[in-house]
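Chemist: First the structure, which I've put down as structure tokens, then a few questions once you've had a look.
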Amino acid sequence: MRFTITTVSALGFILAVVQTAPTGPPPTASSVQRIIGGTKVNGRAYPFAAVLNIVVPGGVALCGGSLIADNYILTAAHCITDEQSGAPTSASAVVAGLGSNNVEKAELYQASKISVHPGFDTMSLANDVALVQLKKSAKLDDNTQIVKLTDSKIKDNQVLQAIGWGKVSNAGSVSDDLRQVNITVGPTSKCREAEPDFKDQSGPTICAAKNDNHDTCQGDSGGALVYSDGKSFQLAGLTSYGFTPGSTSTACGTSSVVAFYTRPAYFADWISKTTGIKKDTLLA
Ligand SMILES: *[C@@H]1O[C@H](CO)[C@@H](O)[C@H](O)[C@H]1NC(C)=O
């Protein structure tokens, strides 16, 4: 997982990063991801980017999300479920920030309902997708916009942009400002070696396995993997998890990390059913 929890004061980080509280058991979700090797986003280039603050035992977890309707944010299920039981987080514990790249300046929206994909598995992180319904619809303007899910075929060697507020280095802290990094998709062969269930880039996940020094990391979970058709940005993936095959290392950004992103278009039927929004409207 690529999310981080910080101590309670930090209302306003985007990607899920869990930092151990000074006393008591560590917070859940120890491996959220943040942008490594990226750059600050100039201007509000990704006006659909949402930061999620999730109150958890011992702190506040940070995750990313994307506004897909004026009252729905799409994110990773592992951001808003109990790590052990898989039970959805209470909506009262979730606040979304919209309208700014800076977590301190984002406009806050209280969640009213959390919907987690029924097939989400806390162990394998299969079906890592969830919806946050907002109590009040977001006001859409230049800084706050809806993103459509891409149904374009994503292929090996394609370059997509991951965005998030997560850790900027393995030892570092989360970022107050939204950052982006280029992620090269594939190769599928290496993804299959790491995750035998992985078939290709058109299934439930997109996989990136050759991004030395360019990666998502703790705090980036749930945030967008962005596709551009040259005219607009579309949502291709949700930052989910990464690991080094054959190792217990949780480091991000090394040459051996294989990272997986939930592919939202694969889940368009569930998203449509859960939100009541037509699939045609959700897809680009
Ligand atoms: C990121 O990818 C885009 C599109 O492929 C490219 O134009 C840009 O130069 C890349 N940026 C970096 C820093 O590599």
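The values are calculated or read from the model by the stated rules, or taken from the named source; none is laboratory data. Keep in mind that what you see is a predicted model, and the values were worked out from it rather than measured. Ideal geometry is used to build each Cβ from the backbone, glycine not excepted, and the neighbour counts take in all protein chains shown.
Chemist: Taking into account only those residues within segment 165-223 that are among the hydrophobic types (A, V, I, L, M, F, W, C) and in contact with a Cys (Cβ under 6 Å, 6 or more places away or on another chain), which is surrounded by the fewest Cβ atoms within 10 Å (Cβ to Cβ)? Show your work before the answer.
Modeler: Pass one, segment 165-223, residues among the hydrophobic types (A, V, I, L, M, F, W, C): 165, 168, 171, 174, 178, 181, 183, 185, 191, 194, 198, 206-209, 217.
Filter again for in contact with a Cys (Cβ under 6 Å, 6 or more places away or on another chain), leaving 191, 198, 207, 209, 217.
Numbers: C191: 25, F198: 20, C207: 27, A209: 26, C217: 37.
Filtering segment 165-223 for residues that are among the hydrophobic types (A, V, I, L, M, F, W, C) and in contact with a Cys (Cβ under 6 Å, 6 or more places away or on another chain), the one surrounded by the fewest Cβ atoms within 10 Å (Cβ to Cβ) comes out as F198.
Chemist: Test each condition in (1) modelled with pLDDT of 95 or more; (2) part of a loop (DSSP other than H, G, I, E, B) for T122 and report the one that comes out false.
Modeler: Among (1) modelled with pLDDT of 95 or more; (2) part of a loop (DSSP other than H, G, I, E, B), T122 violates only (1).
Chemist: Something else: One residue is enough: does segment 113-128 have a residue meeting the conditions within 16 Å of the ligand (Cβ to nearest atom), surrounded by 18 or more Cβ atoms within 10 Å (Cβ to Cβ) and of a type outside the set (S, T, Y)? Walk me through how you get there before you give the answer.
Modeler: Residues of segment 113-128 within 16 Å of the ligand (Cβ to nearest atom): none.
Within segment 113-128 (the criterion being within 16 Å of the ligand (Cβ to nearest atom), surrounded by 18 or more Cβ atoms within 10 Å (Cβ to Cβ) and of a type outside the set (S, T, Y)), the answer is no, since none of the residues qualifies.
Chemist: Still on this structure: Suppose we filter V258, V185 for residues that are more than 17 Å from S124 (Cα to Cα) and hydrophobic (A, V, I, L, M, F, W, C); which single one remains? Explain how you work it out, then say what you get.
Modeler: Details: V258 fails: more than 17 Å from S124 (Cα to Cα).
Answer to the check: V185.
Chemist: While we're here: Using the structure shown, decide if Y261 is in a strand (DSSP E or B), of a type outside the set (V, I, T) and modelled with pLDDT under 95.
Modeler: Values: in a strand (DSSP E or B): yes; of a type outside the set (V, I, T): yes; modelled with pLDDT under 95: no.
No, not satisfied.
Chemist: Return the only residue of P196, P245 being more than 22 Å from G64 (Cα to Cα) and either in contact (Cβ under 8 Å) with a residue 12 or more places away in the chain or in contact with a strand residue (DSSP E or B) (Cβ under 7 Å, 6 or more places away or on another chain) (or both).
Modeler: Answer to the check: P245.
Chemist: For Q110, work out the one condition from (1) surrounded by 17 or more Cβ atoms within 10 Å (Cβ to Cβ); (2) in contact with a Lys or Arg (Cβ under 6 Å, 6 or more places away or on another chain) it doesn't fulfil.
Modeler: With (1) surrounded by 17 or more Cβ atoms within 10 Å (Cβ to Cβ); (2) in contact with a Lys or Arg (Cβ under 6 Å, 6 or more places away or on another chain) applied to Q110, the lone miss is (1).
Chemist: Of the conditions (1) within 16 Å of the ligand (Cβ to nearest atom); (2) outside any loop (DSSP other than H, G, I, E, B), C191 fails just one. Which one is it?
Modeler: (1)
Chemist: Just give me the residues in segment 135-185 being in a loop (DSSP other than H, G, I, E, B), under 19 Å from the mean Cα position of the chain (by Cα) and within 14 Å of the ligand (Cβ to nearest atom), in sequence order.
Modeler: Residues satisfying the conditions are I154, V185.
Chemist: Further, regarding this structure: Are any residues in segment 194-233 hydroxyl-bearing (S, T, Y) and either assigned to a strand (DSSP E or B) or not assigned by TED's automatic domain parsing to the domain that holds G164 (or both), and if so, which ones? Full working, then the answer.
Modeler: So in segment 194-233, the residues hydroxyl-bearing (S, T, Y) come out as 202, 205, 216, 221, 227-228, 232.
Result: T205, Y227, S228.
Chemist: Quick check: is even one residue across segment 32-39 of a type in the set (V, I, T) and surrounded by fewer than 21 Cβ atoms within 10 Å (Cβ to Cβ)? Steps first, please.
Modeler: Step one: of segment 32-39, the residues of a type in the set (V, I, T) are 32, 35-36, 39.
Filter once more, keeping what is surrounded by fewer than 21 Cβ atoms within 10 Å (Cβ to Cβ): 39.
Yes.
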